[in-house]
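This report concerns only the one structure given below.
The values are calculated or read from the model by the stated rules, or taken from the named source; none is laboratory data. Everything numeric here is computed off the predicted structure, so don't read it as measured data. Here the Cβ is made from the backbone with ideal geometry for all residues, glycine too, and neighbour counts use every protein chain on show.
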Amino acid sequence: MSHRRFLNDTVVCADGFRMSVQGNEGAYCEPRLNNQKKYNLVEVGFPSAEEELIMPWCENPRQPTDSIYGYVPVDVVTNVIVKHGGIAEGQVPPGVIGIPEIKNV
């Protein structure tokens, strides 16, 4: 098994909202290790717009789109994904429920 740090591709939601969601030894996450089966807290970074659900974890509230959000609970990240219509592109660490894009049929 490889112990290399894995970086997830940027999440792009159905409505165009974007954010980085990471879990690895270099990220503000729990556990702070690579290749875990499940993360409880993850790092969110550089969202494309201010998102009220993650603002409590924002390192620089004056620049919410140019900031890191450390140790965000995975259920909060899942709620952000659902709020923005699901994932159209990108990846999330294990523990975050990666709801696929919700398409109107």
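Just to be sure I understand the filter: pairs with C-beta atoms under 6 Å, separated by 6 or more residues or on different chains, first member in the range 38-50 and among the small types (Gly, Ala, Ser), second member assigned to a loop (DSSP other than H, G, I, E, B) and surrounded by 14 or more Cβ atoms within 10 Å (Cβ to Cβ). Which pairs pass?
Matching pairs, first to second residue: Ser48/Phe17.
Would you confirm, using the coordinates I've provided, whether Gly86 is under 24 Å from Lys37 (Cβ atoms), modelled with pLDDT under 95 and in contact with a strand residue (DSSP E or B) (Cβ under 6 Å, 6 or more places away or on another chain)?
No: the conditions fail for Gly86.
Yes or no: Ala49 touching a helix residue (DSSP H, G or I) at 6+ places or on another chain (Cβ under 8 Å), under 18 Å from Ala14 (Cβ atoms) and small (Gly, Ala, Ser)?
Values: touching a helix residue (DSSP H, G or I) at 6+ places or on another chain (Cβ under 8 Å): yes; under 18 Å from Ala14 (Cβ atoms): yes; small (Gly, Ala, Ser): yes.
So Ala49 passes the test.
Does Gly86 count as in contact (Cβ under 8 Å) with a residue 40 or more places away in the chain, on the phi > 0 side of the Ramachandran plot and touching a Pro at 6+ places or on another chain (Cβ under 7 Å)?
yes
Got a number for residues in the range 17-46 being touching a helix residue (DSSP H, G or I) at 6+ places or on another chain (Cβ under 7 Å) and more than 15 Å from Val96 (Cα to Cα)?
The qualifying residues number 1.
For Val82, all conditions in the list (1) in a loop (DSSP other than H, G, I, E, B); (2) surrounded by fewer than 17 Cβ atoms within 10 Å (Cβ to Cβ); (3) among the hydrophobic types (A, V, I, L, M, F, W, C) hold save one; what is the number of the exception?
Val82 satisfies all of (1) in a loop (DSSP other than H, G, I, E, B); (2) surrounded by fewer than 17 Cβ atoms within 10 Å (Cβ to Cβ); (3) among the hydrophobic types (A, V, I, L, M, F, W, C) except (1).
Within the set of pairs 6+ apart or on separate chains, which have a first residue in the range 18-37 that is under 13 Å from Pro94 (Cβ atoms) and in contact (Cβ under 8 Å) with a residue 12 or more places away in the chain, a second that is assigned to a strand (DSSP E or B) and aromatic (Phe, Trp, Tyr), and C-beta atoms under 9 Å apart?
Cys29/Tyr71; Glu30/Tyr71
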